[in-house]
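Every number in this text was worked out from the coordinates using simple rules, so none of it is lab data. Source: prediction; values computed, not measured. Neighbour counts run over all protein chains shown; Cβ positions are idealised from the backbone, glycine included.
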Amino acid sequence: MSLDCYSADKDLVTNENNIAAFAKALVNRIDMKAYGEPQVIHFGEGDKEGFTLVQLIETSNICAHFSNDTGNFYLDVFSCKPYETDAVIEVVNQFFSPKKIRERYIERD
């Protein structure tokens, strides 16, 4: 699943603790098993500056990049184990309140 999230609350997408809490809540909500703590790293310059999240899960990973400049962020939830895609959107809305979400889902055989 890939989500492009637009015009989220900038205070929330620029908050390292909120991003880490989001990762933990998402893992729990979609019934995955985290492998280690979420990695939340801030880097970049200008319109590229923001946090990147990497959370390893037993069945693959959750990755996201958050733009300080726009409040936009891009989330990928990759797992061989099925999960509820609506649950992902619920957690995204709970933690970041984006004004618009574009969703794509690929199911592999």
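Things to note:
- Extreme residue, surrounded by the fewest Cβ atoms within 10 Å (Cβ to Cβ), among residues of region 81-109 that are free of Cβ contacts under 8 Å to residues at least 24 places away in the same chain and closer than 16 Å to Met32 by Cα: Asp86
- Selection over region 69-109 of residues that are in a helix (DSSP H, G or I) and among the hydrophobic types (A, V, I, L, M, F, W, C) gives a count of 7.
- The residues in region 16-58 that are buried (at least 16 other Cβ atoms within 10 Å of the Cβ), of a type in the set (A, V, I, L, M, F, W, C) and more than 17 Å from Pro82 (Cα to Cα) can be counted, and the count is 7.
- Within region 66-80, if we keep just the residues that are free of Cβ contacts under 8 Å to residues at least 60 places away in the same chain and touching a helix residue (DSSP H, G or I) at 6+ places or on another chain (Cβ under 9 Å), the residue that is nearest to Asp109 (Cα to Cα) turns out to be Phe66.
- Restricting the first member to region 24-42 and to residues that are touching a residue at least 40 places away in the same chain (Cβ under 8 Å), and the second to residues that are surrounded by 13 or more Cβ atoms within 10 Å (Cβ to Cβ), the beta-carbon pairs closer than 6 Å and six or more apart or on different chains are Ala25/Val91; Leu26/Val91; Arg29/Ala87; Arg29/Val91; Ile30/Tyr83; Ile30/Ala87; Met32/Ile57.
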